[in-house]
Amino acid sequence: MSSILLVTSSPRGGESLSSKIATEFVDKLVAQHPGSDVVHRDLGLEPIPHLDTVSTSAIRKPAEARSAEEAVAAAYSDKLVAELMAADTVVIATGLINFNIYSTLKSWIDNVARAGMTFRYTAEGPQGLATGKKVYVVLAAAGIYSEGPAAAMNHAVPYLKTVLAFLGMTDVEVVYVEGTAFGPEAADKAIAAARERTAQLALAA
Ligand SMILES: Cc1cc2nc3c(=O)[nH]c(=O)nc-3n(C[C@H](O)[C@H](O)[C@H](O)COP(=O)(O)O)c2cc1C
């Protein structure tokens, strides 16, 4: 049995390829591990507000020093942190958006990266506290970024791997749904390849 956190970030609802493949993947994981708990944080349906004066000040203060408004902002971030910390498997879905991730996903990261909760600074340097998790990233893109000439423009995967590692999550698998703009045949092929890859990953999980 496992606790799965599915974080989808596309605002495109049923049209989203990253959400579709990631959701199907979670179904496969659950089929492999019946009884798993699944929490779905749908950032497309329920976007997380960007950091602002209140939220940035709230997370730097002890609870007793927060204003009522700051307490609400901190509680919201606390809930997102608790969802992440409770999961042993995290499935993150995003499109490649202007060479990086959906801004909704960036806002989620800005809320879960919390000093003293998901990382801390020590005399030896920063230490991630969100350890012991397996992370899967499903990345949908119009072009091809897993290899070839555009790979250097893929800022999504290096960024996600960096920030996830900073928080203690170093076991990361990436599933690409890519080349979808190269005609309907290429799109079908990309989806089939992603489904095949997630089927293999589910079997291995
Ligand atoms: C605003 C915007 C920017 C995009 N930027 C890129 C890009 O830089 N490279 C690329 O290959 N595709 C880009 N795309 C295409 C998306 O990556 C593609 O449609 C993907 O399927 C989106 O993910 P989703 O289907 O989960 O919403 C962009 C799409 C949008 C709407």
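Can you tell me which residues in the stretch 148-205 are within 15 Å of the ligand (Cβ to nearest atom), in contact (Cβ under 8 Å) with a residue 12 or more places away in the chain, outside any strand (DSSP E or B) and closer than 29 Å to THR118 by Cα?
Within the stretch 148-205, MET153, ASN154, HIS155, ALA156, VAL157, TYR159, LEU160, THR198 meet the criteria.
If you scan the stretch 53-72, which residues turn out to be among the charged types (D, E, K, R), surrounded by fewer than 17 Cβ atoms within 10 Å (Cβ to Cβ) and not in a helix (DSSP H, G or I)?
Correct list: ARG60, LYS61.
Given the condition more than 21 Å from LEU5 (Cβ to Cβ) and either of a type in the set (S, T, N, Q) or modelled with pLDDT under 95 (or both), answer yes or no: does some residue in the stretch 106-113 qualify?
Checked the stretch 106-113: no residue is more than 21 Å from LEU5 (Cβ to Cβ) and either of a type in the set (S, T, N, Q) or modelled with pLDDT under 95 (or both).
So is GLY14 within 16 Å of the ligand (Cβ to nearest atom), farther than 20 Å from ASP88 by Cα and surrounded by fewer than 16 Cβ atoms within 10 Å (Cβ to Cβ) or not?
Taking the combined requirement at face value, the residue satisfies it.
Checking the condition on the phi < 0 side of the Ramachandran plot, out of contact with any Ser or Thr (no Cβ under 7 Å at 6 or more places or on another chain) and among the aliphatic types (A, V, I, L, M), which residue from ALA86, ALA68 passes?
ALA68
Does the stretch 81-90 contain any residue that is within 27 Å of GLY132 (Cα to Cα) and within 16 Å of the ligand (Cβ to nearest atom)?
For the stretch 81-90, residues within 27 Å of GLY132 (Cα to Cα) and within 16 Å of the ligand (Cβ to nearest atom): absent.
Do the conditions hold for ALA113, that is, is it touching a residue at least 60 places away in the same chain (Cβ under 8 Å) and more than 16 Å from the ligand (Cβ to nearest atom)?
Taking the combined requirement at face value, the residue does not satisfy it.
All but one of (1) surrounded by fewer than 17 Cβ atoms within 10 Å (Cβ to Cβ); (2) in contact with a strand residue (DSSP E or B) (Cβ under 6 Å, 6 or more places away or on another chain) hold for GLU83, so report the exception by its number.
(1)
The values are calculated or read from the model by the stated rules, or taken from the named source; none is laboratory data. Everything numeric here is computed off the predicted structure, so don't read it as measured data. Please note: Cβ atoms are built from the backbone with ideal geometry, for glycine as well, and neighbour counts cover all protein chains shown.
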